[in-house]
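To start, the structure under review is shown below, and the notes come after it.
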Amino acid sequence: MTETVADCLFCRIVAGQIPATVVAETEHSLAFRDIDGQAPTHVLVVPRRHVPDAVSLATASARELADVVTLAARVAAEEGLEGYRLVANTGAAAQQSVFHAHLHVLGGRELTWPPG
Ligand code: DGP
């Protein structure tokens, strides 16, 4: 099931209305490079369906959430990452800026902890 929102940036990328460097996709999910990369690999994995955040995706469809996570792992493997970080900023207070669910896949450099 695909639900889109006309003024949502990631819905527009999923629809091909805004260009993005797509690296992988499935029936339910799309993976593309972040425009503001914070690591040698910085890919966003989004569901094609519009939901505002990852928790909402879990509620809407556990299968589609699993598809996003599995595609993120596939991207990490294809990028040759030994370790990587999956980040789901959730809410404005956690620096979520695009309110269409997405996972950041970050890797290719030493990742420190805790994150800022
Ligand atoms: P977040 O802050 O967690 O909501 O992450 C949103 C990310 O989206 C942020 O790292 C930058 C990225 N981004 C914003 N606009 C665009 C765009 O037009 N294209 C691509 N590829 N990424 C974008």
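Remarks
- Which listed residue, of A101, A60, A72, is more than 15 Å from the ligand (Cβ to nearest atom) and crowded, with 17+ Cβ neighbours inside 10 Å: A60
- Flag if R109 is away from the ligand (no atom under 14 Å from the Cβ) and either buried (at least 17 other Cβ atoms within 10 Å of the Cβ) or closer than 21 Å to T4 by Cβ (or both): no
- Remark: L71 matches the filter, which requires a residue to be under 10 Å from the mean Cα position of the chain (by Cα), more than 17 Å from E3 (Cβ to Cβ) and free of Cβ contacts under 8 Å to residues at least 60 places away in the same chain.
- Complete set of residues in segment 75-98 that are surrounded by 14 or more Cβ atoms within 10 Å (Cβ to Cβ), assigned to a helix (DSSP H, G or I) and within 16 Å of the ligand (Cβ to nearest atom): V75
- Residue list for segment 35-52, restricted to those being within 9 Å of the ligand (Cβ to nearest atom) and closer than 16 Å to F99 by Cβ: L44
Here is a yes/no grid of residues against (1) in contact with an Asp or Glu (Cβ under 9 Å, 6 or more places away or on another chain); (2) not hydroxyl-bearing (S, T, Y):
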| residue | (1), (2) |
| --- | --- |
| V68 | no, yes |
| V75 | no, yes |
| Y84 | no, no |
| A88 | yes, yes |
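- Tally, over segment 1-51, of residues that are touching a Cys at 6+ places or on another chain (Cβ under 7 Å) and surrounded by fewer than 16 Cβ atoms within 10 Å (Cβ to Cβ): 2
Readers should treat all values here as calculations from the given coordinates under stated rules, not as data from a laboratory. All of these numbers come straight from a predicted model, not from anything done at the bench. Every residue, glycine as well, gets a Cβ built from its backbone with ideal geometry; the counts of neighbours run over all protein chains shown.
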